[in-house]
Amino acid sequence: MATHPGAVLTPAIVARGLTRRFGRVTAVDGIDLEIPRARIYGFLGPNGSGKSTTIRMLCGLLHPSAGTVQVLGHEMPRDAERLRPRLGYMTQKFSLWDDLTVAENLDFMARVFDLDRHRRRSRFEAVTDEYHLAPLLQQRAGTLSGGQRQRLALAAATLHEPELLMLDEPTSAVDPQSRRDFWESLFALVARGVTILVSTHYMDEAERCHELAILADGRIVAQGAPKRLMGTIPARVVEIEAEDTVQARAVLLEDDAVLSVAQLGTRLHVLLRPDTPRPAERCADRLHDAGVAARSTVVGASLEDVFVAATGFKLTSHVAAAD
Amino acid sequence: MLQRLFAIMNKEVRQLARDRLTFGMIVGIPLLQMLLFGYAINFDVRDIRGAVVDEARTSHSRALVADLQASGVVRFAAPSASVSELRRRLDAGEVSVGVVIPRDFERRRLGADRAVVQILVDGSEPMIDSVARGLVQMPLPARDGEYRSRVPVFEVLTEYNPERRTAVQVVPALIGVILNMTMVIFTSVAIVRERERGNLELLITTPIRSWELMAGKLAPYVVIGLIQTTLVLVVGAYAFDVPINGSLLDLYLAAALFIAATLTLGLVISTLVKSQMQAFQLSFMTLLPSILLSGFVFPFDGMPKPAQWIAQVLPLTHFVEMIRGVLLRGAPLTEMGMPAAKLALFLAVTLAIATLRFHKRLD
Ligand SMILES: Nc1ncnc2c1ncn2[C@@H]1O[C@H](COP(=O)(O)OP(=O)(O)OP(=O)(O)O)[C@@H](O)[C@H]1O
Ligand SMILES: [Mg+2]
């Protein structure tokens, strides 16, 4: 990594008021970002929340409708071409060539990134080794399994040793074991100083990120380290164990202190307003009055709770106001 | 840097070689078109059934009949004894053309104040009617009384195609039609396919330059176009006896210029459409007027003015003019300055449009 010492202090990505409209749809709505170097930064958000659109703007594929972006010190999209050699991008959809073999795909990407012959050979060997592609080299990319494809895509994105990697939902269609392996390799890259921006809708993946932005409807609704987000969730979390979870849920939703009720297996996670005193007792009383047998305990927030609290607020506050 | 350009070309060639459908089309389309236009569609009129009433019975009148017969256009059945019998045979559809050589043939021939020979035609068939009208233009036996049998019947009409065979007119222009069809479709589809499959989203985040991407994708098709040209020429020469009168270098230069023009047209189309299907449709929409208006099917001069203007914008028009000149008349390319310049202008304009419209962006 040929960055001068001072550069380490400046963030890898800075965005201000980043907005993108498609006709009448506002896909990304005034996002502010500051992504530090040599960290894994996650975008967590449901379908259509604007993760891909944001990433595309950050790497210069789409012009923002408003706002400014600097990536590795380059003004985007103006200086997009100067960023190219320093950026590795993995699209949400597999976008290498199905009718080329694994080896041909890698060789092609290495040439397109202007690697000289020596570096082509050494990097080819390095990524083949690192992502266990050796037995697949002569296979057409179109015949690879989901996990194999994803390894190939990451290998192709890291061939030219970029300082910044943008990975758009890299682990959808990949089994849990492959996902774990994949994250191991991401941490290995970060240890070498690479900055990684990754989008996901898996909680467990989001929890592994150093920092996280939760997106909903094109806005960032929560931002920070996962631990801190769980610690400072603007709600109290009560876990309910009940026989009849359906009825328990119905009862709890009638309380205006309750922001949301989510089912996790046989238990319910209830988010209540942060100013609610003694939330476990309050839930227990309500359920008892309604004749529902249940046990309530206050618990620490999971990332899922953070997510629900962050993305579900609008709806519940609307319901509360209507009361 | 050339490495990136060659990388794109290399990839394109590999993909082409693995794409059986496209590969089949490269050879299949020319062969199919050759068969269609060379054999099935026949503008030639030959062996029309005819009958003669020779009331003069001189050596000149017999020579005239022999000449008509030799032209191959009319095949005479047994002669008729009288004009009324000839009429009856025409009415019965037994013959389509009747030639009446009057008793005073020799006098009329020298005087030339009245028609020398009368031709009766079955007017219900347009083709035969027009051919018979062609017969009328046959040169009169000369005033000095010498009827030279070497004089060709259709002298004016058939200068570079003495036997007036369709293949000779069609095959050279067919090179243009085939190139126009395959080049535009292949390039527009090849680029749109990458966009559809998402390859382009990845490609444009690499340091590749737009021109490298475009040139690298188009270059293999120039070679393919030249191969198709060769294929049509060889089949044309062996199967249809189409002459190659001009220089091969001129011919390939003209073909290369035309190929470049059609490739950039395909490029422009690829920037206008969203899917491979649309690319196909738009390519065909440009193909149809090209076939109809370029002079390939209908003579250019006979078209109404607006159609001629439209034809000026179509690259095929200028290529047909060039290729017929080079291949049949043996004209050097230097005499083809005008169509070549128009083709070059078309190339420059489409290239400019494509470059302006092709961005390394998704929006
Ligand atoms: N090219 C486009 N034209 C019109 N609308 C678009 C376009 N791209 C995205 N959108 C819209 O913008 C919104 C955000 O889309 P985006 O792809 O960024 O979401 P995402 O968070 O990546 O979702 P997913 O998890 O499904 O990939 C969606 O409503 C989508 O329909
Ligand atoms: Mg997405």
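If I take R0 = 35 Å and measure r between the Cβ atoms of A:Ser65 and B:Leu2 in this structure, what FRET efficiency does the formula 1/(1 + (r/R0)^6) give, to the nearest 0.05?
On the way: r = 38 Å, r/R0 = 1.08.
Efficiency computed from Cβ-Cβ geometry: 0.40.
Please give the charge dipole size of segment A:167-235, origin at the Cα centre, charges +1 on K and R Cβ atoms and -1 on D and E Cβ atoms. Round to the nearest 20 debye.
That gives a dipole near 300 debye.
Give the dimensionless ratio obtained when the Cα radius of gyration of segment A:194-323 is divided by 2.2 N^0.38 Å.
Rg over 2.2 N^0.38 Å, computed on Cα atoms: 1.11.
Taking square-rooted eigenvalues a ≥ b ≥ c of the alpha carbon gyration tensor, is chain A rounded, prolate or oblate, where a/c under 1.5 means rounded and, failing that, a/b exceeding b/c means prolate?
Judged from the Cα gyration tensor, chain A comes out prolate (a/c at least 1.5, a/b above b/c).
Any idea what angle helix A:146-158 forms with the longest principal axis of chain A, computed on alpha-carbon atoms, 0 to 90 degrees, nearest 10?
60 degrees
Could you check the simple spin-label distance between B:Leu292 and A:Val298, using points 7 Å along Cα→Cβ, in nm with one decimal?
8.2 nm
Rolling a 1.4 Å sphere over the protein heavy atoms, what is the accessible area per residue of the protein assembly as shown, to the nearest Å²?
Ligands and nucleic acids excluded, the result is 47 Å² per residue.
Assigning unit charges at the beta carbon (Lys, Arg +1; Asp, Glu -1) and nothing else, what dipole magnitude in debye, to the nearest 20, does the protein assembly as shown show about its Cα centre?
Values: 75 positive and 72 negative charges, 295 e Å.
The dipole of the protein assembly as shown has a size of about 1420 debye.
Say R0 is 41 Å: what FRET efficiency, to the nearest 0.05, do A:Thr266 and A:Arg16 get from their beta-carbon distance? Intermediate results must be reported in sequence, preceding the final value.
Details: r = 45 Å, r/R0 = 1.11.
Using R0 = 41 Å, I get an efficiency of 0.35.
For segment A:11-110, evaluate the Debye formula with one uniform point scatterer on each Cα (no solvent term) and list log10 I(q)/I(0) at q = 0.21 Å⁻¹, rounded to two decimals.
Normalising to I(0) and taking log10 leaves -1.13.
How far apart, in nanometres, would the label points at B:Thr58 and A:Glu281 be if each is projected 7 angstrom from Cα along the Cα-to-Cβ direction?
Label at B:Thr58, label at A:Glu281, 13.9 nm between them.
What's the buried accessible area, both sides, between B and A using a 1.4 Å probe, rounded to 100 Å²?
Protein heavy atoms only, the B-A interface buries about 2700 Å².
Residue by residue through B:187-199, how many Cβ atoms from other chains fall within 10 Å of the Cβ on average?
Working: counts 0, 0, 0, 0, 0, 0, 0, 2, 0, 0, 6, 6, 7.
Mean partner shielding for this stretch: 2.
How well do other chains shield peptide A:80-89, expressed as the mean number of their Cβ atoms within 10 Å of each residue Cβ?
3
Within 10 Å of each Cβ in peptide B:8-16, how many partner chain Cβ atoms are there on average? Round it to a whole number, please.
Average per residue, whole number: 3.
Could you work out how far apart the two model spin labels at B:Ala352 and A:Arg180 are, taking each label as a point 7 Å from the Cα in the direction of the beta carbon, and quote it in nm?
That separation, rounded to one decimal, is 6.3 nm.
What fraction, in whole percent, of alpha-carbon pairs in segment B:277-363 exceed 20 Å separation?
Above the 20 Å cut-off, segment B:277-363 has 46 percent of its Cα pairs.
Hey, with R₀ at 51 Å, roughly what FRET efficiency would B:Ala239 and B:Trp309 work out to, going by the Cβ-Cβ distance, to 0.05?
Between B:Ala239 and B:Trp309 the formula returns 0.90.
Only helical DSSP H runs with n ≥ 4 go in: add -39500 (n - 2.57) per run for chain A, normalise by residue count and round the 222 nm mean residue ellipticity to 500 deg cm²/dmol.
Here the helix-only value at 222 nm equals -11000 deg cm²/dmol.
By how many degrees, between 0 and 90 and to the nearest 10, does the Cα long axis of helix A:303-322 differ from the longest principal axis of chain A?
50 degrees
Answer with one residue from A:Gly50, A:Thr10, A:Leu212: the one whose Cα lies farthest towards the positive end of the charge dipole of chain A, charges on Cβ with Lys, Arg +1 and Asp, Glu -1.
Checked the options; the winner is A:Thr10.
Give me the percent of Cα-Cα pairs in segment A:234-300 that sit more than 16 Å apart, rounded to a whole number.
32 percent
I'd like to know which of B:Phe298, B:Ala215, B:Gln312 lies farthest towards the positive end of the charge dipole of segment B:214-363, counting +1 on Cβ of Lys and Arg and -1 on Cβ of Asp and Glu.
Looking along the dipole axis, the top candidate is B:Ala215.
About its Cα centre, what dipole magnitude does segment B:166-357 give when the only charges are +1 on Lys and Arg Cβ and -1 on Asp and Glu Cβ, stated in debye to the nearest 20?
Around 400 debye, computed over segment B:166-357.
Here are some pairs, A:Lys51/B:Lys274; A:Lys51/B:Lys217; A:Lys93/A:Lys227; A:Lys93/B:Lys217; A:Lys93/B:Lys274; B:Lys217/B:Lys342; which of them have Cα atoms lying more than 28 Å apart in this structure?
A:Lys51/B:Lys217; A:Lys93/A:Lys227
Could you work out the relative contact order of chain A, using alpha carbon pairs under 8 angstrom and six or more residues apart, expressed as a whole percent?
19 percent
Output needed: percent of Cα pairs per 10 Å distance bin for the protein assembly as shown, bins running from 0 to the one holding the longest distance.
3, 12, 16, 15, 13, 11, 8, 7, 6, 5, 3, 1, 1, 0
I'd like the orientation of helix A:102-112 relative to chain A: the angle between its Cα long axis and the longest Cα principal axis, in ° from 0 to 90, rounded to 10.
Approximately 70 degrees, to the nearest 10.
The values are calculated or read from the model by the stated rules, or taken from the named source; none is laboratory data. Remember, it's a predicted structure, so these values are computed and weren't measured experimentally. Counting neighbours? That spans all protein chains shown, and the Cβs are built from the backbone with ideal geometry, glycine included. Please note that ligands, DNA and RNA were not included when accessible areas were found on the heavy atoms of the full protein model with its side chains. Shrake-Rupley method; radii C 1.70, N 1.55, O 1.52, S 1.80 Å.
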